[in-house]
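Below is one structure, written out as structure tokens; the observations come after it.
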Amino acid sequence: MVALDEYVLRLPDEIRWDDAAFLAFCRMNDELNIERDADGNIIIMSPTNTLSGFYENKLLFILELWNHSSNLGYTFSSSAGFTFADGSMRAPDASFILKARFDALPESEKNQFAHIAPDFVAELRSKTDSLPKLQLKMNAYIQNGVRLGWLIDLAGQEVWIYRQNGTVERVPFSAGKVSGEEVLPGFELELSVFA
């Protein structure tokens, strides 16, 4: 039997869900990890493996420690979904939104899958994740307004850095660290945490 990493439910155009119906569906099935792609397809994902969950938690902890000191915005776990300009709803493994941008959202937006692109997102790739699929997801994040994205490839021992200007840089774990650049000023991630 093959493990389920991701299952895509394709819906006919005449029954595509609006945001309210999709949110209701997610709430009725809150034990599932659900996203929606730009074509309106529903993506159901298996839980992350134990080791990936461990590293995801480390990343979130380090990001929140930096944010607690800098007080520049808000950090979010993979439980938080965001609706992007292309209509997709995605839940990055870790994300950050500047305080002024998030505070400007109406409360009604904050209590659903807010229509906002995080300033920063990170996705972690384990051995069972498809690198090409995650690269497409990272490109879509950037095209939808994310300013900086990290694809942390645990399997390949490297970080793919995606920038708002369209450049993609590949940094091996052996480089030691990656910088949050101007999006996360003063933030550096020591890549040894993934060893």
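Condition check ((1) within 15 Å of the chain's Cα centre (by Cα); (2) farther than 25 Å from L98 by Cα; (3) not small (G, A, S)) across all residues:
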residue	(1), (2), (3)
I15	no, yes, yes
L23	no, no, yes
E35	yes, no, yes
N41	no, yes, yes
P47	yes, yes, yes
N57	yes, no, yes
L60	yes, no, yes
S69	no, no, no
L72	no, no, yes
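Please work out if K99 is under 24 Å from N67 (Cβ atoms), surrounded by fewer than 17 Cβ atoms within 10 Å (Cβ to Cβ) and in contact with a helix residue (DSSP H, G or I) (Cβ under 9 Å, 6 or more places away or on another chain).
no
Could you grab me the full set of residues in region 22-47 that are of a type in the set (A, V, I, L, M), assigned to a helix (DSSP H, G or I) and open to solvent by 40 Å² or more (accessible area, probe 1.4 Å)? Step through it out loud before you land on a result.
Looking only at region 22-47, we keep the residues that are of a type in the set (A, V, I, L, M), and these are 23-24, 28, 32, 34, 38, 42-45.
Now drop any that are not assigned to a helix (DSSP H, G or I), which leaves 23-24, 28.
A24, M28, listed by residue number.
Just checking, does region 141-150 include any residue being among the polar types (S, T, N, Q), out of contact with any Cys (no Cβ under 9 Å at 6 or more places or on another chain) and either more than 24 Å from L51 (Cα to Cα) or not in a strand (DSSP E or B) (or both)?
yes
Test each condition in (1) outside any helix (DSSP H, G or I); (2) out of contact with any helix residue (DSSP H, G or I) (no Cβ under 8 Å at 6 or more places or on another chain); (3) at pLDDT 95 or above; (4) of a type outside the set (D, E, K, R) for M138 and report the one that comes out false.
(1)
Please determine, by comparing only the residues of region 152-174 that are farther than 17 Å from F82 by Cβ and open to solvent by less than 30 Å² (accessible area, probe 1.4 Å), which one is nearest to the chain's Cα centre (by Cα).
If we take residues in region 152-174 being farther than 17 Å from F82 by Cβ and open to solvent by less than 30 Å² (accessible area, probe 1.4 Å), then I152 is nearest to the chain's Cα centre (by Cα).
Give P132, P185 a once-over and let me know the one that is closer than 24 Å to M45 by Cβ and either open to solvent by 40 Å² or more (accessible area, probe 1.4 Å) or not aliphatic (A, V, I, L, M) (or both).
P132
Here is a yes/no grid of residues against (1) exposed (fewer than 15 other Cβ atoms within 10 Å of the Cβ); (2) within 20 Å of F84 (Cα to Cα); (3) of a type in the set (F, W, Y):
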| position | (1), (2), (3) |
| --- | --- |
| A104 | yes, yes, no |
| N144 | no, yes, no |
| L148 | no, yes, no |
| V178 | no, no, no |
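Among the residues of region 175-191, are any in a helix (DSSP H, G or I) and more than 30 Å from Y7 (Cβ to Cβ)?
Yes, there is a match, as at least one residue in region 175-191 is in a helix (DSSP H, G or I) and more than 30 Å from Y7 (Cβ to Cβ).
Which of the following residues is in contact (Cβ under 8 Å) with a residue 40 or more places away in the chain and charged (D, E, K, R): D119, D103?
Being in contact (Cβ under 8 Å) with a residue 40 or more places away in the chain and charged (D, E, K, R) holds for just one of D119, D103, which is D119.
Tell me which residues, restricted to region 60-77, are without any contact (Cβ under 8 Å) to a residue 24 or more places away in the chain and open to solvent by 40 Å² or more (accessible area, probe 1.4 Å).
Correct list: F61, E64, L65, H68, S69, S77.
Quick test of your reading of the structure: K127 fulfils all but one of (1) modelled with pLDDT of 95 or more; (2) closer than 28 Å to T50 by Cβ. Name the failing condition by number.
K127 satisfies every listed condition except (1).
How many residues does region 1-21 hold that are exposed (fewer than 10 other Cβ atoms within 10 Å of the Cβ), at pLDDT 85 or above and outside any loop (DSSP other than H, G, I, E, B)?
1
The values are calculated or read from the model by the stated rules, or taken from the named source; none is laboratory data. Nothing here was measured: the structure is a model prediction, and the numbers come from that model. Virtual Cβ from ideal backbone geometry, glycine too; neighbours counted across all protein chains shown. Just so you know, the surface numbers come from the protein's heavy atoms only, side chains and all, with ligands and any DNA or RNA stripped out. Shrake-Rupley method; radii C 1.70, N 1.55, O 1.52, S 1.80 Å.
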